[in-house]
Amino acid sequence: MELKRLDRDSLDGIKDKKIICYTMVKDYLRQMAREFGEESVKRIELIIDDVPRNFGTCSLDDIAKYEVVPVDMLKEFAPEEYVILITSEYYWKKYENLEKLDYPVTDTVYYYEDIDTKYYHEYLEKYKDTPLKDIVVFRSGMRVAKDYPYSDFADNAKALFDYMIEKGYNEKYEIVWLVGDPTQYDDYKDVKNVSFVDDEWCHSKDEEEREKYYRAVCLAKYIIFTDFCSFARFPREGQTRIQLWHGHGFKARNLNEDCS
């Protein structure tokens with residue numbers, strides 16, 4: 001098998017194939033509809049998934065409706081009839097899952113690169129020859145920090161941060177928090193080497209905002225988090241990622257996460 005990024009040319013090249021989507025991530029499909037047109041997501045005939053709770057019928061707004069079924073449903077199709085499209089931020093892990101199947105699947109597997117992944121790769125390329133710096137990035141809480149303002153400066157990450165400030169680690173390290181609203185932390189504006197960056201600047205249209213975000217993520221020696229972690233899914237050599245959880249390590253919904 002071969003893994004390829006989906007673009008307009010490759011989408012046109014598989015116009016006679018059925019598209020089977022691996023994982024249902026609505027934001028990915030919405031972006032795909034905006035980039036390639038709604039017809040692109042209407043071409044998806046089936047969603048396969050690893051998680052039983054996702055099985056059933058689901059809708060993408062008022063654009064399309066899909067059946068979500070186990071991955072083993074691929075056995076029902078001849079490999080030459082379809083292509084697999086991965087819509088996941090961990091697309092390479094999904095691809096590895098397909099490689100482990102004990103029955104043949106399509107020769108080429110595509111993945112859709114959402115805007116966050118696109119920018120992440122661009123800045124990794126920009127900074128690939130820049131040595132890591134004495135930067136510690138902190139992140140706590142759920143995926144969309146603005147939806148959970150009580151958790152984006154909290155939990156075990158906050159306890160470690162407080163300890164580091166008390167012991168003067170900010171004299172050596174630049175400490176950057178990724179939060180929902182940086183303006184809420186003016187109390188720290190005079191604390192040396194401490195700054196707050198909007199976690200949504202990862203896909204900001206403002207180049208200066210994106211630069212602040214990716215400079216921290218791409219150059220940090222340490223990235224520390226308590227829950228959401230895919231913002232650190234492409235670690236550079238030498239970066240240390242530390243998952244502190246937020247009170248208890250045995251969180252069933254996170255046990256299959258790679259950032260640990």
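The values are calculated or read from the model by the stated rules, or taken from the named source; none is laboratory data. None of the values given here were measured: they were computed from a predicted structure. No Cβ is skipped: glycine too gets one built from the backbone with ideal geometry, and neighbour counts run over all protein chains shown. Note: accessible area is taken over every heavy atom of the protein model, side chains too, but ligands, DNA and RNA are not part of it. Shrake-Rupley method; radii C 1.70, N 1.55, O 1.52, S 1.80 Å.
Here are a few things to note about the model shown:
- Site pair D162 and E81 shows an inter-label distance of 6.0 nm when each label is modelled 7 Å from Cα along Cα→Cβ.
- Helix 115-127 and the longest principal axis of the Cα set of the chain meet at an angle near 60°.
- Length gained on full extension, K172 to R30: 46.8 nm, using 0.36 nm per residue less the C-alpha separation.
- Bridge orientation summary for segment 4-87: considering DSSP beta bridges with both residues in this region, about 30 percent are antiparallel.
- Along principal axes, Cα extents of the chain, largest first, whole Å: 62, 37, 36
- Take the Kirkwood radius over Cα pairs of segment 138-215, plug it into Stokes-Einstein at 10 °C and 1.306 mPa s, and you get 122 µm²/s for translational diffusion.
- Expressed in units of 2.2 N^0.38 Å, where N is the residue count, the Cα radius of gyration of segment 1-62 is 1.15.
- Scoring 142-153, 161-172 by mean Cβ neighbours within 10 Å over their residues and listing the highest first yields 142-153, 161-172.
- Spatially, segment 50-68 and segment 88-160 are offset by 23 Å when compared through their Cα centroids.
- Added length on full extension, which subtracts the Cα-Cα distance from 0.36 nm per residue, Y222 to K100: 40.7 nm
- Shape call, segment 1-137: gyration tensor on alpha carbons, a/c limit 1.5: prolate
- Average accessible surface for the chain: 53 Å² per residue, computed with a 1.4 Å probe over protein heavy atoms with every protein chain in place.
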